[in-house]
Amino acid sequence: MGGFPTSFFAFPLNVILLSGWIMGCSLLWNHCRKSLIVRFFLSTTGTIFSVSAFLIACLVIGFTGNRDIASSWVFVCIMLLLQTVLLFVIMRGWREQTPTGARLGAVRWRFLLLHLGLLVALGSAFWGAPDVQIMRMKALADMPTQEAYHMDGKPEWLSYDIVLKDFDQSSYEALVEVDGKVAKIKVNHPYSRTLCEDVYLMGYDERGCVLEIVREPWKYGTMAGIAMLLAGALLLFLRGPQRQRHVND
Amino acid sequence: MISAMVTWDIFIWFASAAIAFAFAAAVVSLCANDHWSASSLRYRRFRRISIFMSVLSVAVLAAFIAGLWESLERPPLRTMGETRLWYSFFALTAGLLTYVRWRYRWILSFSAILASVFMILNVLRPEIHDQTLMPALQSGWFIPHVTVYMFSYSLLGCAFLLALAGLFGKGKDIMSAADTLVYLGTAFLTFGMLSGALWAKDAWGHYWAWDPKETWALITWLCYVLYIHLRVMGRGSRTAQCLLLIFAFACLQMCWWGINYLPSAQDSIHIYNR
């Protein structure tokens, strides 16, 4: 399994495709709302089909333990379908409508936070995946190091030095000089070198400690989506079940 | 000065008071008769007393946690005993909030039992007070993450029982009661899953890594999301909806403990007892 060339779609291609996808959906929404494809995206069948397809794909990963399925063409298509259904459903249902759909009313906050939150979180993870870089390196005591290795074994020379200053085994804390600044790194407490780059402590041995450098420029999108979903879940708790609606959302 | 005296040696007194208030609240809430009108004076009086008792129970535990925090000069989040203290606190708080909002009379009994188990463990096994958690678990996310999951499991467990009843019974009330429980349970499930994602980002650098535990948590969440959509859209027969709830609960069991026995899940980073 696997097979989807994720890294090929790295910036700027992912941003171009994302813009194209949003524009395509907007065009369909504005000019072809009665077309078969838009009616499918907005139908109950579309919603149930996309959620079920995602559920089945997750069940396959769950039973087989094969994480490569998440980077297969089939899975990518399911994710794209789910996001498209979410986008169309949000465009139609974010405000109250009369049965004829003619007049827009109050904003449906719970609906909007849950659906848009899910779309933003999924979308950031999906479109941002090609830009994620994960590297491992060994920080050695009093010896500046720049050499890090990507997960596929490809080496990369960092533009700055990393030196291990101290390591406390009892509290599992490392004092590391990163780019001239001394930082304390421990499990659950990474060091943010830049807005998009964090340094994690992964392990240690007698020579030094193993660090993981994660570059994830889209992480703030995921974070925003999660925040919206949390607010939506709070409203789910406070308001409880929704009555059956005339529109299928 | 008082806080400097707060140690585990006096926990038994705080625990006894908290347990007594929690069970008093549970008993009073159970005594309120189903046939009483929600606006009747008798009903409101019973409800107020149970809420007051419940708040006292939470306040007693909060006072102990605050005192311990002050005397340790660090947040009490490092040892097994300290985390169980927080479980008790959050179980009582979640029970109180759910009772205030949704008036389930049984919920205070459930949260009282759950919180008491952890408090009694802390009293009976003082050795866990010094048992340090592994570094990965020493996080502010640990306790809310686990507590909201445990709470959602209990709500969804009740929804599962209603689904079984719904397969054979015909009353409309069964499904609407199941709906409320599923909405509340899914809200807690969402908090649990997303707090886990935020914690994973802090601990391992990734919100999501398709670890078996994460995958089964997502599967469980998707099952309940599908159920909610089927109900809102009026799709699927009652039998199909009940069967979906039963399947969702089976997935929840797989996520909770089943993955420990799933051969393909043995590389999970969420199995801490290896």
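The values are calculated or read from the model by the stated rules, or taken from the named source; none is laboratory data. Note that the structure is predicted; figures quoted are calculated from it, not measured. Glycine gets a Cβ as well: all are built from the backbone with ideal geometry, and neighbour counts include every protein chain shown.
Checking the conditions here, which among B:52, B:89, B:118, B:46 is free of Cβ contacts under 8 Å to residues at least 40 places away in the same chain, in a helix (DSSP H, G or I) and in contact with a Leu (Cβ under 6 Å, 6 or more places away or on another chain)?
Of B:52, B:89, B:118, B:46, the one residue that is free of Cβ contacts under 8 Å to residues at least 40 places away in the same chain, in a helix (DSSP H, G or I) and in contact with a Leu (Cβ under 6 Å, 6 or more places away or on another chain) is B:89.
Report whether or not residue A:192 is within 13 Å of chain B (Cβ to nearest Cβ), over 24 Å from the mean Cα position of the chain (by Cα) and surrounded by fewer than 18 Cβ atoms within 10 Å (Cβ to Cβ).
When the stated conditions are applied, residue A:192 does not pass them.
Test each condition in (1) closer than 17 Å to residue A:44 by Cα; (2) in contact with a Lys or Arg (Cβ under 8 Å, 6 or more places away or on another chain); (3) among the β-branched types (Val, Ile, Thr) for residue A:89 and report the one that comes out false.
(2)
Look through the stretch A:22-78, keep the residues that are farther than 26 Å from residue B:262 by Cβ and outside any helix (DSSP H, G or I), and return whichever of them is farthest from the other protein chains (Cβ to nearest Cβ).
It comes out as A:32.
Read through the list (1) more than 8 Å from chain A (Cβ to nearest Cβ); (2) more than 16 Å from residue B:83 (Cβ to Cβ); (3) without any contact (Cβ under 8 Å) to a residue 24 or more places away in the chain, then give the number of the only condition that residue B:160 fails.
Single failed check for residue B:160: (3).
Mind checking which residues of the stretch B:128-145 are modelled with pLDDT of 85 or more and part of a loop (DSSP other than H, G, I, E, B)?
Once the filter is applied, which keeps residues that are modelled with pLDDT of 85 or more and part of a loop (DSSP other than H, G, I, E, B), the stretch B:128-145 yields B:139, B:140, B:141.
How about the stretch B:205-221: which of its residues are aromatic (Phe, Trp, Tyr) and over 15 Å from residue B:192 (Cβ atoms)? I'd like the intermediate steps shown before the answer.
Filtering the stretch B:205-221 for residues aromatic (Phe, Trp, Tyr) gives B:207-208, B:210, B:216, B:221.
Result: B:210, single match.
To keep it simple, each residue is scored yes or no on (1) under 19 Å from the mean Cα position of the chain (by Cα); (2) surrounded by fewer than 17 Cβ atoms within 10 Å (Cβ to Cβ).
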position	(1), (2)
A:22	yes, yes
A:39	no, yes
A:45	no, yes
A:49	no, yes
A:56	no, yes
A:64	no, yes
A:76	yes, no
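Output the residues belonging to the stretch B:91-124 that are over 18 Å from residue B:158 (Cβ atoms), within 10 Å of the chain's Cα centre (by Cα) and surrounded by fewer than 22 Cβ atoms within 10 Å (Cβ to Cβ).
Across the stretch B:91-124, the qualifying residue is only B:93.
For the stretch A:206-218, indicate whether the set of residues that are in a helix (DSSP H, G or I), modelled with pLDDT of 95 or more and more than 11 Å from every other protein chain (Cβ to nearest Cβ) is non-empty.
No; the residues of the stretch A:206-218 include none that is in a helix (DSSP H, G or I), modelled with pLDDT of 95 or more and more than 11 Å from every other protein chain (Cβ to nearest Cβ).
Against the definition (within 14 Å of another protein chain (Cβ to nearest Cβ), of a type outside the set (Gly, Ala, Ser) and in contact (Cβ under 8 Å) with a residue 12 or more places away in the chain), how does residue A:113 come out, yes or no?
Details: within 14 Å of another protein chain (Cβ to nearest Cβ): yes; of a type outside the set (Gly, Ala, Ser): yes; in contact (Cβ under 8 Å) with a residue 12 or more places away in the chain: yes.
Answer is yes for this residue.
Is the stretch A:75-95 home to any residue that is in contact with a helix residue (DSSP H, G or I) (Cβ under 7 Å, 6 or more places away or on another chain), over 29 Å from residue A:231 (Cα atoms) and among the aliphatic types (A, V, I, L, M)?
Taking the stretch A:75-95 and keeping what is in contact with a helix residue (DSSP H, G or I) (Cβ under 7 Å, 6 or more places away or on another chain), we get A:75, A:78-79, A:81-94.
Add one more test, that the residue is over 29 Å from residue A:231 (Cα atoms), and what stays is none.
Scanning the stretch A:75-95 turns up no residue that is in contact with a helix residue (DSSP H, G or I) (Cβ under 7 Å, 6 or more places away or on another chain), over 29 Å from residue A:231 (Cα atoms) and among the aliphatic types (A, V, I, L, M).
Go through the residues of the stretch B:226-233 one by one and say whether even a single one is at the interface with chain A (Cβ under 9 Å from one of its Cβ atoms) and touching a residue at least 40 places away in the same chain (Cβ under 8 Å).
Scanning the stretch B:226-233, I find at least one residue that is at the interface with chain A (Cβ under 9 Å from one of its Cβ atoms) and touching a residue at least 40 places away in the same chain (Cβ under 8 Å), so the answer is yes.
Which ones in the stretch B:68-84 are free of Cβ contacts under 8 Å to residues at least 60 places away in the same chain and closer than 19 Å to residue B:146 by Cβ?
Within the stretch B:68-84, B:76, B:79, B:80, B:82, B:84 qualify.
Just to verify a result, which residue in the stretch A:142-187, among those that are within 25 Å of the chain's Cα centre (by Cα) and in a loop (DSSP other than H, G, I, E, B), is nearest to the other protein chains (Cβ to nearest Cβ)?
Across the stretch A:142-187, the extreme among qualifying residues is A:187.
Evaluate the following for residue B:148: is it within 13 Å of chain A (Cβ to nearest Cβ), modelled with pLDDT of 90 or more, in a helix (DSSP H, G or I) and surrounded by fewer than 16 Cβ atoms within 10 Å (Cβ to Cβ)?
Spelling it out, it is not the case that residue B:148 is within 13 Å of chain A (Cβ to nearest Cβ), modelled with pLDDT of 90 or more, in a helix (DSSP H, G or I) and surrounded by fewer than 16 Cβ atoms within 10 Å (Cβ to Cβ).
Out of B:216, B:256, B:204, report the one residue that is aromatic (Phe, Trp, Tyr), within 8 Å of another protein chain (Cβ to nearest Cβ) and in contact (Cβ under 8 Å) with a residue 60 or more places away in the chain.
On the way: B:216 fails: in contact (Cβ under 8 Å) with a residue 60 or more places away in the chain; B:256 fails: within 8 Å of another protein chain (Cβ to nearest Cβ).
Criteria check complete, one pass: B:204.
Are any residues in the stretch B:180-201 more than 7 Å from chain A (Cβ to nearest Cβ) and closer than 18 Å to residue A:231 by Cα, and if so, which ones?
Result: B:182, B:185, B:188, B:189, B:192, B:193, B:195, B:196, B:199.
Any chance the stretch B:160-168 includes a residue that's surrounded by fewer than 18 Cβ atoms within 10 Å (Cβ to Cβ) and of a type outside the set (A, V, I, L, M, F, W, C)? Show your work before the answer.
Going residue by residue through the stretch B:160-168, those that are surrounded by fewer than 18 Cβ atoms within 10 Å (Cβ to Cβ) are B:161, B:164-165, B:167-168.
Of the ones still in play, those that are also of a type outside the set (A, V, I, L, M, F, W, C) are none.
No, the stretch B:160-168 contains no residue that is surrounded by fewer than 18 Cβ atoms within 10 Å (Cβ to Cβ) and of a type outside the set (A, V, I, L, M, F, W, C).
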